[in-house]
1. Which shape class applies to the stretch 178-266: rounded if a/c is under 1.5, otherwise prolate when a/b exceeds b/c and oblate if not, where a ≥ b ≥ c are the square roots of the Cα gyration tensor eigenvalues?
2. If R₀ is 51 angstrom, what is the calculated FRET efficiency for the pair His157 and Thr240, using the beta carbon separation as r and rounding to 0.05?
3. Gain in length, Arg252 to Leu120, computed as 0.36 nm per residue apart minus the alpha-carbon separation, to one decimal in nm?
4. Starting from 0.36 nm per residue, how many nanometres of slack lie between Tyr6 and Glu272 once their C-alpha separation is accounted for?
5. Kindly provide the GluC sites (Glu not before Pro) of the stretch 236-280 that DSSP labels as loop, not H, G, I, E or B, and whose Cβ sees at most 12 other Cβ atoms within 10 Å.
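Values quoted throughout were computed directly from the atomic coordinates according to the rules given, and no laboratory measurement underlies them. Everything numeric in this text was worked out from a predicted model, so none of it was measured. Note: ideal-geometry Cβ built from the backbone for every residue, glycine included; neighbour counts use all protein chains shown.
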Amino acid sequence: MERLFYFIYQYRAFFTFLVLEVFCFWLVVKNNEYQGTQFFNSSNTIVASVNGFSQSVRDYFLLSNVNATLSAENAGLRRELETYHQQTYLTDSVAAPPDSSRIKRFDFVSAKVVNNHVDLTKNFITINKGRDAGIEPGMAVISPLGAVGKVKLVSEHYGVVTSLLHIDVMVSSVLKRTGHFGSVQWDGRDPGIIRFNFIPRHVKPLVGDTVVTSGFNSVFPEGIMVGTVSEVNLSNEALTYDLRVKLSQDFRKLSFLTVVKSVYKREQDSLEQVVNALAK
């Protein structure tokens, strides 16, 4: 405290000058309308700028909470949409009122990406949901922009997802305009491009055609966006096209995802295993 008083005493002339300057400025602003108006406008501008900056900072730190909320809302909307689609299908197909136990084929759980790789040939994504949220291996993972991958492993609180950017992953997909189906599979090169195989040569795919999931397995719901055709190749001897598809989701920008829980996956898988065993 003594050192503070000594500092003020040592620079008393400067502090006296500063106080007088502020007092004179106040007198000028108070007794002159023009200067008062200018000061008021300038101070408002400065205060508004400071408030805008502080609000931007607050908004930035709140983005994580906002994104989490939006992701949860998105999962809820997907759940409602799936129920609506099944209600519409059953109502159109059967005269009797639809049984609610038969309607719900998929459930949805939002999750946050905590680790992500795109630079390898076999890429994985780690999410912050595991067994405690009902997540199991084999479940589909999607984003608001499209298909992302399949759950590979789970612990109590985390899950590891095999990304579409994995050379061993194949997803049954459909050329939406024509209805012809094949499989998309990454070739390990460009993380923004995936190959679409098994489209026969009599089909006429076009650049810009939409590719979506087929729904022919129990993992992905039908109609989830994969991407758009960016390149069409067909050699003279080939029976099928070599199509390149630009992925709708930029895998370098993954943040919040939705895990798709197929209600009837085990039933469908077990039945298909029996059929495959009988066919051998």
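1. Working: a/c = 2.30, a/b = 1.42, b/c = 1.62.
Because a/c hits 1.5 or more and a/b fails to exceed b/c, the stretch 178-266 counts as oblate.
2. Working: r = 43 Å, r/R0 = 0.85.
Between His157 and Thr240 the formula returns 0.75.
3. Working: separation 132, 0.36 × 132 = 47.52 nm, distance 1.26 nm.
Once the chain is fully extended between Arg252 and Leu120, it gains 46.3 nm.
4. Details: separation 266, 0.36 × 266 = 95.76 nm, distance 8.94 nm.
My answer for the length gained is 86.8 nm.
5. Glu237
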